[in-house]
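Visitor: Would you mind keeping the following structure in view while I ask a few things?
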């Protein structure tokens, strides 16, 4: 996704990118790395950024995150997401994203799993029950909604992209 977005974004302060993998940043660029791309493995935006954003997009990043990175991510949203903003994030719900057919948690008895990864697991994937992500998000004043519509849109344009999508916003 970054490869496509970077062609539309210029090197100003209207966006910031936090990415833990320098190789992925460098492979997406046709010029040198802009100053507003931050290579950090804790998923936190720079504390020196005092800007709040309307929209945050995390594609194929949080699907490798453990509990620690989710906490950093939610803390960063508290610092940098506007009160009426929204974060769209691709994740793997209930099992690895390549699991077919996809399964989702609809009640307590469902076969839905958490990988329970503590930290970053790239190139492998982490996966979470929606209830686990909701519980973690709630600790930071955020609500989570599973976005089937975004998954369907992404699969039309990129059939191999089988991530689930969720959104986070403040209560």
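Visitor: Given points 7 Å out from each Cα along the Cα-Cβ axis, report the residue 118 to residue 79 separation in nanometres with one decimal.
Guide: Modelled inter-label distance: 2.4 nm.
Visitor: Along Cα→Cβ, 7 Å out, is where each label goes; now give me the distance between the ones at residue 88 and residue 135 in nm to one decimal.
Guide: If labels sit at residue 88 and residue 135, their model points lie 2.9 nm apart.
Visitor: Let me check against my output: what whole-number percent is the relative contact order of the stretch 52-170, with C-alpha pairs under 8 Å and at least 6 apart?
Guide: Worked out over the stretch 52-170, it gives 31 percent.
Visitor: What length, rounded to one decimal in nm, is gained on full extension from residue 143 through to residue 23, with 0.36 nm per residue of separation minus their alpha-carbon distance?
Guide: 40.0 nm
Visitor: Still on this structure: At a Förster radius of 30 Å, what calculated FRET efficiency corresponds to the Cβ-Cβ distance of residue 170 and residue 68, to the nearest 0.05?
Guide: Efficiency, from the Cβ-Cβ distance: 0.85.
Visitor: Over 26 Å, how big is the tail of the calculated P(r) for the stretch 52-170, in percent of all Cα pairs?
Guide: Tail of the P(r) past 26 Å holds 14 percent of the pairs.
Visitor: Separate question: Would you order 164, 157 from fewest to most other beta-carbon atoms within 10 Å of each residue's own beta-carbon?
Guide: Placing the least packed residue first, the sequence is 157, 164.
Throughout, read-outs are computed from the coordinates displayed, never taken from laboratory work. Just so you know, these numbers come straight off a predicted model, no measurement behind them. Cβ coordinates were reconstructed from backbone atoms using ideal geometry, including for glycine residues, and neighbour counts include every protein chain displayed.
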